[in-house]
Amino acid sequence: MRTFSIPYTDGGESRILCGCNAFEEIAKTSGRCMVFTDTNVRALYGDKIAACLPDAPVFAMQAGEEHKNESTLFALLSAMAAAQLHRGDTLVCLGGGVAGDVGGLASALYMRGIGCVQVPTTLLSQVDSSVGGKTAIDFHGVKNLVGVFKQPERVLVDGAFLKTLPAREIRCGLGEIVKHAALDGALFDTLLANRNSLFDCDFLTAVVPDNIAIKADVVQKDPKERGLRKCLNLGHTTAHAFELCDGKLSHGEYVLAGILFEAELAKAHIACDKAYLGELQDLARFALGGMPAMISAREAASYAKLDKKNTQAAKIALTVPAERGKFALLELPYEVYCGELIRIQEELS
Ligand code: GLY
């Protein structure tokens, strides 16, 4: 087992147990617990939840990003109030990124903050969303518009969950893994050398701790995204724009497409290593299984205007790959960004 700790700014630490038996660890949670999950995860693991926390109430949201909203958040808060949870109690969030984000936010809001344990069951949530304390719901058509930073007390990462994931879910996690590879040369080399094992469960289980190490290091240095943590948004401005405009693929698939497009933006707008960016694009394309049929680039670009990373209304803020292990921040006027998306879509299709 590998463990990582992320210190809180106000004392204490978030402990990430990587390679643990999640249900054994959940059973060690002190105080009363409530389990928050989704209907798919409850169908698979309901018996194990009941065995390790026999007295805990369980609240399951409908699975799916479209339910990452205020209705689900307030339904959960109602269930927490009905269960009479108190300050010293803990919300155990068992599921993928959606359950983790909504549950993390509810644990921050209820009584101004109760304990939170994240138990990520998807590849994406294991390598990214369960680590680092970002919580949110989508609101008014903008992804993650309403949320807070709240570090969970523990993150329990168990490779056994990956065995039940469909290939599509693996591809979704690969989006964030390729993003981390764009930030870390060693992981980039590992992925390139093992291209044919990218969908292999044992290979992925082996690289999950490396991904967590990369993310934990960034979050420790910049927990509230004042500077360095912006690197974790690499490819995401365009990914979120595609996701909001189209919505047919998974978040990670849009991240892979976002990396492909933003590497092309880097080639045109910053000093960079074009040969390396070509290799990164090949990796992203390989993980994606080819270029997906995409919606209108012009329409997608308009969604990027709403991105909360923009500091000026008329400019689009991007974190783009630049060289092996190096990223760059780029701001493009909206009209330039829109024209570039149209050009790149024509060239990549
Ligand atoms: N997923 C990006 C971050 O946690 O900052």
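Within the set of other residues whose C-beta is less than 14 Å from the C-beta of Thr311, count the net charge using Lys and Arg as +1 and Asp and Glu as -1. Cβ neighbours under 14 Å give a net charge of +3. Straight-line reach from Lys179: which lysines have Cα under 19 Å away, leaving out those fewer than 8 places along the same chain? Partners found: Lys134, Lys143, Lys215, Lys221, Lys230, Lys267, Lys274, Lys309, Lys326. With only Cα atoms counted, the range 142-212 has Rg and Dmax values of 14.0, 40 Å. The fraction of accessible area contributed by carbon and sulfur in the chain is 51 percent, rounded to a whole number (1.4 Å probe; ligands and nucleic acids excluded). Distance between the C-alpha centres of the range 303-349 and the range 237-264: 12 Å, rounded to the whole angstrom. Working from Cα positions, state the angle (0 to 90°, nearest 10) between the long axis of helix 334-348 and the longest principal axis of the chain. Taking the Cα atoms of the chain, the angle to 334-348 is about 80 degrees.
Taken per residue, the accessible surface of the range 180-298 reaches 36 Å², heavy atoms only and a 1.4 Å probe. Averaged over its residues, the range 83-128 has an accessible area of 25 Å² per residue, based on protein heavy atoms and a 1.4 Å probe. Classified by the C-alpha gyration tensor, the range 123-180 has an oblate form. Its axis ratio a/c, with a ≥ b ≥ c, is 1.5 or above, and a/b does not exceed b/c.
Inter-part distance, the range 120-187 to the range 87-119, computed on C-alpha centroids, equals 15 Å.
Taking Ala293, Ala63, Ala108 in turn, the Gaussian network model of the chain (Cα-Cα springs below 10 Å) assigns the largest fluctuation to Ala293. Our estimate of slack between Arg226 and Glu279, defined as 0.36 nm per intervening residue step minus the Cα-Cα distance, is 16.1 nm. Once Rg and the Kirkwood radius are both taken over the C-alpha atoms of the chain, their ratio Rg/Rh works out to 0.96.
Within the set of other residues whose C-beta is less than 10 Å from the C-beta of Leu348, count the net charge using Lys and Arg as +1 and Asp and Glu as -1. Taking every Cβ under 10 Å from that of Leu348, the sum is -1.
In plain terms, the C-alpha convex hull of the range 37-184 casts an average shadow of 8.9 nm² when viewed from every direction.
Between Ala239, Ala304, Ala271, the residue with the greatest mean-square fluctuation in the GNM of the chain (Cα pairs under 10 Å linked by springs) is Ala271. Proximity of backbone amide H atoms, modeled 1.01 Å from N, is registered between Met61 and Thr37, Asp38, Thr39 at under 5 Å, excluding neighbours fewer than 5 places apart on the same chain. If I fit a long axis through the Cα atoms of helix 39-52 and take the longest principal axis of the Cα atoms of the chain, what angle between them do I get, 0 to 90°, rounded to 10? It works out to around 40 degrees. Taking the Cα centre of the range 1-91 as origin and assigning +1 to Lys and Arg Cβ atoms and -1 to Asp and Glu Cβ atoms, the resulting dipole is close to 200 debye.
The values are calculated or read from the model by the stated rules, or taken from the named source; none is laboratory data. Note that the coordinates shown come from a computational prediction; the quantities given were computed from them, not determined experimentally. We place every Cβ from the backbone using ideal geometry, glycine too, and count neighbours over all the protein chains shown. Only protein heavy atoms, including side chains, enter the accessible area calculation; ligands, DNA and RNA are left aside. Shrake-Rupley method; radii C 1.70, N 1.55, O 1.52, S 1.80 Å.
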